[in-house]
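Report on the following structure.
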Amino acid sequence: MADDPNAWWREGVLYQVYPRSFMDADGDGVGDLRGVIDRLEHLQWLGVRGIWLSPVTVSPNADFGYDCANYRDVDPSLGTLSDLDELIADATRRGIRILLDIVPNHTSIDHAWFKESRTSRDNPKRDWFVWADPSADGGPPNNWVSTFGGPAWTLDATTGQYYLHNFLPEQPDLNWWNEEVRDAFDDIIRYWFDRGVAGFRVDVAHMMVKDAELRDNPPATSEDSFMDQMRGQLPLYNSCRPEVHDVHRRWRTIAESYSPPRLFVGETFVGKVEDVLAFYGDGDAFQLNFNIPFAECPLEATALRTTIELTESIIPVGCTPVWTGSNHDLSRFPTRWAGGDPLLARCALMMLLTLRGTCFLYEGDEIGMVDTEITREQVLDPVGIKFFPYAGRDPERTPMQWSGEPGGGFTAGAAEPWLPFGDLSCNVADQRHESDSMLSLCRDVISLREALPDLRAGAYVSLDSPTDVLAYRRGERIVVAINLGTEPEAVEGIRGEIRCCTDRSRDGEKIEGVLSLAPSTAAIVLLAR
Ligand code: NOJ
């Protein structure tokens, strides 16, 4: 069965590049677009179908690219527009599509729109952002708190009104009720599609539209998620508003006007699977949406099975789930899920690559990179600056480990990397030559997926298995079984051949009824006809 060329992403493996940390071609200690071009060979060899580039647009970097000062140009620290054009062309030649990151919830405080907007109450750009009068006591207009802590409002002395920021004060929220804002983004999206960009990952897709009346959020209770309890309130009125779907559908219409249709991937950082799946609409909104509740699940067979089954049972017909374990906001899965145990990390990788749907790997996942310890002096992330040592995203953002040499193969320059290196003994160059490495496992499972339609596209069905084993069938003939426990386990009723095992010495083993699995071992079995 050939994949639908209009949905190249559906069964593919996509790969997130965090450009500042991927590859530094100019030797200044910060990764750049020329570096990404230099490393395309690795991604082609690995077999990924697309790259999501975290923001490369102009940014003063209060939030490392997620505060955008110009949506139509490349940040000089990362390169130029022509570097990006070259990257798109080179990647396309290699069969790899490029997705950009678009940040529509907010701009940078340095964006020309906001600079204008704040000059006076009657400026034509005033209504492009969310401005409101102080409350009766002179405080913020309502009780909303920022995702990064503290009030979501800052008073602007020039006009005596508050502006809304669901993240940093340097990230003012756009007003998506304003038609001109919608039109401006339609143009930005088309501008990039016309340049050959295959789609966008949409930052904070769930928060773009706020309650038109700016009503107070209700307090969180002990029943609510950890995040909501930390925040002290349920984000009822500044998140997941029903009207946000209209904007997403409008963008989808633009995507469908291109051939092949362009892709939108929502960053839907919400607490419940049900809330993620709402962002598929009736299959007419974003094609993919990040399943954060899955990523935040513990690496335990029962919890994972419950979340996967829930996702599979309520996702709208014809829609595709997304599986991811790490990104630049989440502790890396070899640390968070596997606690640094390489065998468990291999099991987790095999799960990510064998569930039905689109898998997103984060740079370094393929070699089992763990989080890097960061000292207080080394913290750069604004969340880390505020909450060290309890929170912070620098540990998962340290440079890609290409080799064990000084500079880690990341930079040829004398400059120190912008964040410190992790343990360089875990690196691409060494693992590429080891048939038993995590990197070889990753590449082999991706190529198996490309070779076996059942593994790539077959329906997901949970199988009965011991409590600590996550086991499922894909399509007619593939079984995946993952022993996440500490005891040997057996899955019965399996006849076929192991096509890939995390214990590579078992590749090719014939199974005549019972698949035995040592602790922290996973296998893909092709069932006998
Ligand atoms: C989600 C991004 O992934 C994160 O890095 C950023 O800080 C927030 N959105 C705000 O843009």
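Here are the numbers for the structure shown:
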item: Listed residues 343, 138, 315: farthest to the positive end of the dipole of the chain (Cβ charges); result: 315
item: Alpha carbon centroid spacing (whole Å) that separates segment 259-278 from segment 108-170; result: 28 Å
item: For segment 460-527: relative contact order, % (alpha-carbon pairs under 8 angstrom, 6 or more apart); result: 34 percent
item: Computed magnitude of the charge dipole of segment 112-164 (debye, nearest 20; Cβ of K, R +1, Cβ of D, E -1); result: 180 debye
item: Distant alpha-carbon pairs in segment 197-332 (separation over 27 angstrom), percent; result: 23 percent
item: Positive-end residue of 13, 511, 421, charge dipole of the chain with Cβ unit charges; result: 511
item: Test item: Cα-centred dipole of the chain, Lys/Arg +1 and Asp/Glu -1 on Cβ, debye; result: 1020 debye
item: Heavy-atom accessible area per residue - segment 196-245, 1.4 Å, Å²; result: 44 Å²
item: Inter-site label distance for residue 373 and residue 528 at 7 Å from Cα along Cβ, in nm; result: 5.2 nm
item: Solvent-accessible area, 1.4 Å probe, carbon plus sulfur percent, for segment 246-378; result: 52 percent
item: Ellipticity estimate at 222 nm from DSSP helix runs (n ≥ 4, -39,500 (n - 2.57)) divided over the chain, nearest 500; result: -7000 deg cm²/dmol
item: Accessible surface of segment 1-145, 1.4 Å probe, proportion on carbon and sulfur as whole %; result: 50 percent
item: Charge dipole magnitude, Cβ of K and R +1, D and E -1 - segment 75-193, Cα centre, debye nearest 20; result: 160 debye
item: Additional length obtainable on full extension of the chain from residue 440 to residue 137, 0.36 nm per residue less Cα span; result: 102.8 nm
item: Spatial separation of Cα centroids for segment 38-101 and segment 336-378, in angstrom; result: 22 Å
item: Computed over the chain, the ratio Rg/Rh where both radii use C-alpha atoms and Rh is Kirkwood; result: 0.97
item: Cβ-derived FRET efficiency at R0 30 Å, residue 112 paired with residue 157, nearest 0.05; result: 0.90
item: Accessible area (Å², per residue) of segment 112-164, counting only protein heavy atoms and a probe of 1.4 Å; result: 46 Å²
item: Length gained when the stretch residue 28-residue 80 is fully extended (0.36 nm per residue, less Cα-Cα span); result: 17.2 nm
item: Additional length obtainable on full extension of the chain from residue 390 to residue 405, 0.36 nm per residue less Cα span; result: 2.2 nm
item: Dipole axis of the chain (+1 Lys, Arg; -1 Asp, Glu on Cβ), positive-most option in 200, 383, 525; result: 525
item: Protein accessible area in segment 460-527, 1.4 Å probe - carbon and sulfur %; result: 45 percent
item: Relative compactness, segment 1-57, computed as alpha-carbon Rg over 2.2 N^0.38 Å; result: 1.32
item: Separation in nanometres of the label points that stand 7 Å from Cα toward Cβ, at residue 6 and residue 492; result: 4.7 nm
item: Share, in percent, of DSSP beta bridges within the chain that are antiparallel, nearest 5; result: 60 percent
item: Probe 1.4 Å, accessible area per residue of segment 437-479, Å²; result: 34 Å²
item: Centroid-to-centroid separation of segment 293-324 and segment 458-529 [C-alpha atoms, Å]; result: 19 Å
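The values are calculated or read from the model by the stated rules, or taken from the named source; none is laboratory data. This is a predicted model, so every value here is computed, not measured. Cβ atoms come from the backbone with ideal geometry, glycine included; neighbour counts cover every protein chain shown. All accessible areas refer to the heavy atoms of the entire protein, side chains included, with ligands and DNA or RNA removed. Shrake-Rupley method; radii C 1.70, N 1.55, O 1.52, S 1.80 Å.
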